[in-house]
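A.B. asks: Pasting in a structure now, in structure tokens, and then I'll have a few things to ask.
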Amino acid sequence: MTTKEILLGQFTACYDENNWFVALKNALADLTADEADWRADNLDNSIRETVNHLSFWNERWLIKLRNERVEDTPENDLTFADAADWEAAKGELFRVLDEWRAALREMDESKLSETVSAEYGAAWSSPIANMNIHNAYHAGQIILLRKLQGVWDASKGVS
């Protein structure tokens, strides 16, 4: 298996095909705006805020991949924003991730060995792998928040 095939497989498992865990898109399925806004005691972020955080970082790395100018990075806590419309927030995340999948599919294998930038100092395979891990991490948080609310259907992948 090539590095590209491995990263694309990880991406798919993290995004929309359950594998060893529930994929992000499936973790968000059938979630209402009220459920997305619910906040557990002693936990920092709602599901909606987490979705906006994921949209921000996934899009930021996609912009870098396309060699487009990236705005200054805000403090990470500010990326957990509260978007006005829940369906639009989910749609934005899915749009960005669909664009990532297309970029990965079209990417030449050699791109994964190229250095992202002098300041980042690592090959493209590194942030892509970390992005996959980051998406899986937050998908797990979303499942936990849904379980704490009592709005997770265990038949969808996690009991």
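A.B. asks: Averaged per residue, what accessible area in Å² does the chain show with a 1.4 Å probe, protein chains only?
C.D. replies: Working: 8670 Å² over 159 residues.
That works out to 55 Å² for each residue.
A.B. asks: Does segment 102-145 come out rounded, prolate or oblate, given a ≥ b ≥ c as the square roots of the eigenvalues of its C-alpha gyration tensor, rounded meaning a/c under 1.5 and, failing that, prolate meaning a/b above b/c?
C.D. replies: Working: a/c = 4.38, a/b = 1.87, b/c = 2.34.
Oblate, since a/c reaches 1.5 and b/c is not below a/b.
A.B. asks: I would also like to ask the following. Can you tell me the 0 to 90 degree angle between the C-alpha axis of helix 125-149 and the longest principal axis of the chain, rounded to 10?
C.D. replies: 0
A.B. asks: On to the next question. Can you match Cα extents along the principal axes in Å to one of these, [x] 46, 29, 27; [y] 46, 41, 32; [z] 46, 36, 25, based on a calculation from the structure here?
C.D. replies: [z]
A.B. asks: Cut-off under 25 Å on the C-alpha distance; same-chain residues fewer than 8 positions from Lys25 excluded. Which lysines are left, in chain and number order?
C.D. replies: Those lysines meeting the cut-off are Lys4, Lys64, Lys90, Lys147, Lys156.
A.B. asks: Counting only protein heavy atoms and using a 1.4 Å probe, what share of the accessible area of the chain belongs to carbon plus sulfur, as a whole percent? Present the calculation step by step, with values, prior to reporting the outcome.
C.D. replies: Numbers: 4250 of 8670 Å².
After summing per-atom areas, the C and S share lands at 49 percent.
A.B. asks: How many angstrom lie between the C-alpha centres of segment 1-39 and segment 86-106?
C.D. replies: 12
The values are calculated or read from the model by the stated rules, or taken from the named source; none is laboratory data. In this text, all values refer to a predicted model and were calculated from it rather than measured experimentally. Surface accessibility is based on the protein's heavy atoms, side chains included, excluding ligands, DNA and RNA. Shrake-Rupley method; radii C 1.70, N 1.55, O 1.52, S 1.80 Å.
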